[in-house]
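Report on the following structure.
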Amino acid sequence: MAETHKEKDHNTNAQLDMLRHSTSHIMAQAVQDLFPEAKVAIGPSIDTGFYYDFDYAPGFTEEDLARIEGRMKELVKMDIPIVRKMVKKEEAIEMFHKMGENFKVELIEGIGDPEVSLYTQGNFTDLCRGPHLPSTGQIGAFKLLSLAGAYWKGDEKNKMLTRIYGTAFPDESALNNYLQFLEEVKKRDHRRLGRELDLFSISDEVGAGLVIYHPNGALLRYILEDFERKEHLKRGYQFVVGPHILKLDMWKRSGHFENYRDNMYFTKVDDVEYGIKPMNCLSHIMVYRSTIRSYRDLPIRYFELGTVCRHEKSGVLHGLLRVREFTQDDAHIFLRQDQLHEEILNIIQFVHDVMGIFNFEYEMEISTRPEKYIGTLEDWNKAEQVLKDVLDSQGLPYDINEGDGAFYGPKIDVKLKDAIGRKWQCATIQCDFALPERFDLNYVDSDGKRKRPVMLHRVILGALERFIGILIEHYGGRFPVWLSPTQVIIMNITDEQEPYVKALQEEMINEGLRVDIDTRNEKLSLKIRDGAVRKVPYLIIAGKKEMASETVSVRVRDGGELKDVTIKDFIARVKEENLFRR
Ligand SMILES: [Zn+2]
Ligand SMILES: [Zn+2]
């Protein structure tokens, strides 16, 4: 039954791809009808719809998009047949050359076959493998969404083209659902919310992909770190801390220099070369190696909120989600082979517990041996088998991601599903037989012989920057009370209550609450509005009446009001929510 279901999914996707790809052709036709000088490059279907890249020097405007959309609707109405034709390569080259479509000429020249397929609809012919809908009239509902720059063949040495993104669905209601989803995505954009909630900034002045946490964001991060430390201590992890730069020889020995150099930064101190760490493994290995280990000591679990630097291409940097310096909740576990199964289970349980606290659903994937790898084939196969066995033994479903493992071992990746159904890669569990070999790690076994331990690399939240970005979008900036940098704002109505407000704040801070006050000489309605923009869970209004009765009136962010609550009751309520409740 599972097979059939998959097959059906596959067919539906192929159908949708064909619809979207056909819509991209219609868009290209419309563009050339309206802008005859525009040259076409490529126009595939993608997960979210389709795009087409054009070479058109003046560029397109938002108004142009509306015009193109209008022309597309006309073309759909005309119900023009879409006809496939096989032609000799030379013939196709000559034809596109005459049309001045040099990108198409370049594409055809790169094709090995003697013949290529062309698709024609009315006055528009495109080089294409297909398949396509039989006529333009079969296009469903579509919308052009945005403009972007894109290099020809994705190479920054090539010409910059203009990309038009669009999406298409079989009917209006599916399209509208998707457009609503996009609105929701926009509303939740962590870069916008990051500004509004004053959490962080990233600027060209400092450098691309480098995050500066503002007080609210730093506090949020501190809360997460505090949570992490407690959760790791509970589960038998020990804290270690390593340096940010380690000698180049270390990175050569580990294989990072050979396999990961392009992502690393290097520096020279007193004529000695150093690598700035892109991973935290090596210091943890040095701690393990600092003394003789017995089989009884294992597993040993070292944890570090380790800050790493990785050179990511500027094109892929995106807010907090893809940065060049970040802090991982990183641990390395040294263990015997016979402990592997149980320890991986422990980690999966850890992931499960933590994701529940944040209300995330998740899926798992096993990534197998990549092209560039270290270690023996036998170890790789063994490690891949253990990962599968553990998930199978728990009846946990997973996908296989062929060739996507780390260069030193296969891994389990955990993909979170956020509040609006988007998937995010966060936790990973990587199995490693290679580094223990390279650094000659061992333990004394029960028979007195030296044996090699296995090493697990694992993160639970992953990069804190990325996880915070995801949290902002998941909650839409409305953090649960325990995560909110500011849990309460107390505001007065007139100057008379200012001392009362300050005394309340002091009392609540002493009880461990995070409390701001707003004693500005402004209208109460404005203070409430400002508090709502900051998405603070509780806004307390302390007026004359409350002061006299030593109570507070509370506006609750998630709805409703608490009237005349005693201060003690209010504090008890927030403290209760400070536990890791959903
Ligand atoms: Zn096509
Ligand atoms: Zn590691």
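The values are calculated or read from the model by the stated rules, or taken from the named source; none is laboratory data. As the structure is a computational prediction, the values presented were derived from the model and not from experiment. In this analysis, Cβ positions are derived from the backbone assuming ideal geometry, glycine residues included, and neighbour counts consider all displayed protein chains. Accessible surface areas use protein heavy atoms only, side chains included; no ligands, DNA or RNA. Shrake-Rupley method; radii C 1.70, N 1.55, O 1.52, S 1.80 Å.
Looking only at region 227-251, which residues are among the acidic types (Asp, Glu) and more than 21 Å from residue 325 (Cβ to Cβ)?
Step one: filter region 227-251 for residues among the acidic types (Asp, Glu), giving 228, 231, 249.
Listed by number, the residues that qualify are 231, 249.
Take the residues in region 399-416 that are surrounded by fewer than 20 Cβ atoms within 10 Å (Cβ to Cβ) and either over 18 Å from residue 459 (Cβ atoms) or in contact (Cβ under 8 Å) with a residue 60 or more places away in the chain (or both); name whichever of them is farthest from ligand 1 (Cβ to nearest atom). Quick ask: steps written out before the conclusion?
Narrowing region 399-416 to residues surrounded by fewer than 20 Cβ atoms within 10 Å (Cβ to Cβ): 399-404, 407, 415.
Keeping just the survivors that are either over 18 Å from residue 459 (Cβ atoms) or in contact (Cβ under 8 Å) with a residue 60 or more places away in the chain (or both) gives 399-400, 402-403, 407.
Details: 399: 29, 400: 30, 402: 27, 403: 28, 407: 37 Å.
Restricting to residues being surrounded by fewer than 20 Cβ atoms within 10 Å (Cβ to Cβ) and either over 18 Å from residue 459 (Cβ atoms) or in contact (Cβ under 8 Å) with a residue 60 or more places away in the chain (or both), the top hit is 407.
Here are the criteria: (1) open to solvent by 20 Å² or more (accessible area, probe 1.4 Å); (2) within 14 Å of ligand 2 (Cβ to nearest atom); (3) under 30 Å from residue 579 (Cα atoms). Tell me which single one residue 310 does not satisfy.
Residue 310 satisfies every listed condition except (3).
For region 491-500, give me the residue count where each residue is crowded, with 20+ Cβ neighbours inside 10 Å and in a helix (DSSP H, G or I).
Here is the first cut: in region 491-500, the ones crowded, with 20+ Cβ neighbours inside 10 Å are 491-492, 497.
Subsequent filtering for residues that are in a helix (DSSP H, G or I) retains 497.
Here the count works out to 1.
Part of a loop (DSSP other than H, G, I, E, B), open to solvent by less than 30 Å² (accessible area, probe 1.4 Å) and away from ligand 1 (no atom under 16 Å from the Cβ): is that true of residue 340 in this structure? I'd like the intermediate steps shown before the answer.
Details: part of a loop (DSSP other than H, G, I, E, B): no; open to solvent by less than 30 Å² (accessible area, probe 1.4 Å): yes; away from ligand 1 (no atom under 16 Å from the Cβ): yes.
No: the conditions fail for residue 340.
Report yes if residue 528 is of a type in the set (A, V, I, L, M, F, W, C) and either without any contact (Cβ under 8 Å) to a residue 60 or more places away in the chain or in contact with a Ser or Thr (Cβ under 6 Å, 6 or more places away or on another chain) (or both), otherwise no. Outline the logic, then answer.
On the way: of a type in the set (A, V, I, L, M, F, W, C): yes; either without any contact (Cβ under 8 Å) to a residue 60 or more places away in the chain or in contact with a Ser or Thr (Cβ under 6 Å, 6 or more places away or on another chain) (or both): yes.
In short, yes.
Please tell me if residue 72 is closer than 18 Å to residue 33 by Cβ, at pLDDT 95 or above and more than 33 Å from the chain's Cα centre (by Cα).
Details: closer than 18 Å to residue 33 by Cβ: yes; at pLDDT 95 or above: yes; more than 33 Å from the chain's Cα centre (by Cα): yes.
Taking the combined requirement at face value, the residue satisfies it.
For residues in region 107-154 being farther than 20 Å from residue 94 by Cα and among the charged types (D, E, K, R), which is modelled with the lowest pLDDT?
Result: 153.
For region 128-155: of the residues being open to solvent by 30 Å² or more (accessible area, probe 1.4 Å) and touching a Lys or Arg at 6+ places or on another chain (Cβ under 9 Å), which is nearest to ligand 2 (Cβ to nearest atom)?
To start, the set of residues in region 128-155 that are open to solvent by 30 Å² or more (accessible area, probe 1.4 Å) comprises 129, 131, 134, 137-138, 143, 145-149, 151, 153-155.
In the following step, the residues that additionally are touching a Lys or Arg at 6+ places or on another chain (Cβ under 9 Å) were identified as 131, 137, 146-149, 151.
Values: 131: 45, 137: 56, 146: 38, 147: 41, 148: 35, 149: 36, 151: 34 Å.
So the residue we want is 151.
Does region 467-490 contain at least one residue that is outside any loop (DSSP other than H, G, I, E, B), crowded, with 22+ Cβ neighbours inside 10 Å and either within 16 Å of ligand 2 (Cβ to nearest atom) or among the small types (Gly, Ala, Ser) (or both)?
Yes - at least one qualifying residue is present in region 467-490.
Looking at 434, 463, 503, 427, which one is more than 16 Å from ligand 1 (Cβ to nearest atom), aliphatic (A, V, I, L, M) and open to solvent by 30 Å² or more (accessible area, probe 1.4 Å)? Spell out the reasoning first.
On the way: 434 fails: open to solvent by 30 Å² or more (accessible area, probe 1.4 Å); 463 fails: open to solvent by 30 Å² or more (accessible area, probe 1.4 Å); 427 fails: open to solvent by 30 Å² or more (accessible area, probe 1.4 Å).
Result: 503 is the single residue among 434, 463, 503, 427 that is more than 16 Å from ligand 1 (Cβ to nearest atom), aliphatic (A, V, I, L, M) and open to solvent by 30 Å² or more (accessible area, probe 1.4 Å).
Do the conditions hold for residue 265, that is, is it buried (at least 16 other Cβ atoms within 10 Å of the Cβ) and modelled with pLDDT of 95 or more? It would help to see each step written out before you state the result.
Values: buried (at least 16 other Cβ atoms within 10 Å of the Cβ): no; modelled with pLDDT of 95 or more: yes.
In short, no.
Mind checking whether some residue in region 444-457 is in contact (Cβ under 8 Å) with a residue 60 or more places away in the chain and either within 18 Å of residue 228 (Cβ to Cβ) or within 16 Å of ligand 1 (Cβ to nearest atom) (or both)? Walk me through how you get there before you give the answer.
To start, the set of residues in region 444-457 that are in contact (Cβ under 8 Å) with a residue 60 or more places away in the chain comprises 444-446, 451, 453-457.
From what's left, either within 18 Å of residue 228 (Cβ to Cβ) or within 16 Å of ligand 1 (Cβ to nearest atom) (or both): 456-457.
Yes, there is a match, as at least one residue in region 444-457 is in contact (Cβ under 8 Å) with a residue 60 or more places away in the chain and either within 18 Å of residue 228 (Cβ to Cβ) or within 16 Å of ligand 1 (Cβ to nearest atom) (or both).
Pull up region 37-58, narrow it to residues that are open to solvent by 20 Å² or more (accessible area, probe 1.4 Å) and of a type in the set (Gly, Ala, Ser), then point me to the one that is farthest from ligand 2 (Cβ to nearest atom). Walk me through it before giving the result.
First, the residues of region 37-58 that are open to solvent by 20 Å² or more (accessible area, probe 1.4 Å): 37, 39, 42, 44-48, 51, 55-58.
Narrowing the set further to residues that are of a type in the set (Gly, Ala, Ser) leaves 45, 57.
On the way: 45: 38, 57: 48 Å.
Filtering region 37-58 for residues that are open to solvent by 20 Å² or more (accessible area, probe 1.4 Å) and of a type in the set (Gly, Ala, Ser), the one farthest from ligand 2 (Cβ to nearest atom) comes out as 57.
If a residue has to be open to solvent by less than 80 Å² (accessible area, probe 1.4 Å), touching a Pro at 6+ places or on another chain (Cβ under 9 Å) and over 13 Å from residue 125 (Cβ atoms) to count, how many in region 82-108 make the cut?
1
Looking only at region 510-529, count how many residues are β-branched (Val, Ile, Thr), more than 32 Å from the chain's Cα centre (by Cα) and assigned to a strand (DSSP E or B).
Kept after step one, since they are β-branched (Val, Ile, Thr), are these residues of region 510-529: 515, 517, 519, 528.
Right, trim to more than 32 Å from the chain's Cα centre (by Cα) and you get 517, 519, 528.
Those still in the list that are assigned to a strand (DSSP E or B) too: 517.
Looking only at that region, the number is 1.
Got a sec? Which strands (runs of 3 or more DSSP E) wholly within region 530-579 have at least 1 residues that are out of contact with any His (no Cβ under 8 Å at 6 or more places or on another chain) and exposed (fewer than 13 other Cβ atoms within 10 Å of the Cβ)? Working first, answer last.
On the way: elements: 538-542, 551-556, 561-566.
Ranges flagged: 551-556, 561-566.
Output the residues belonging to region 115-138 that are within 22 Å of residue 73 (Cβ to Cβ) and either more than 10 Å from ligand 1 (Cβ to nearest atom) or without any contact (Cβ under 8 Å) to a residue 12 or more places away in the chain (or both).
120, 121, 122, 123, 124, 125, 133, 134, 135, 136, 137, 138, listed by residue number.
Among (1) buried (at least 19 other Cβ atoms within 10 Å of the Cβ); (2) out of contact with any Pro (no Cβ under 7 Å at 6 or more places or on another chain), there is one condition residue 77 misses while meeting the rest; what is its number?
Among (1) buried (at least 19 other Cβ atoms within 10 Å of the Cβ); (2) out of contact with any Pro (no Cβ under 7 Å at 6 or more places or on another chain), the lone unmet condition for residue 77 is (1).
Do we find that residue 79 is within 16 Å of ligand 1 (Cβ to nearest atom), of a type outside the set (A, V, I, L, M, F, W, C), outside any helix (DSSP H, G or I) and in contact with a strand residue (DSSP E or B) (Cβ under 6 Å, 6 or more places away or on another chain) in this structure?
On the way: within 16 Å of ligand 1 (Cβ to nearest atom): no; of a type outside the set (A, V, I, L, M, F, W, C): yes; outside any helix (DSSP H, G or I): yes; in contact with a strand residue (DSSP E or B) (Cβ under 6 Å, 6 or more places away or on another chain): yes.
No: the conditions fail for residue 79.
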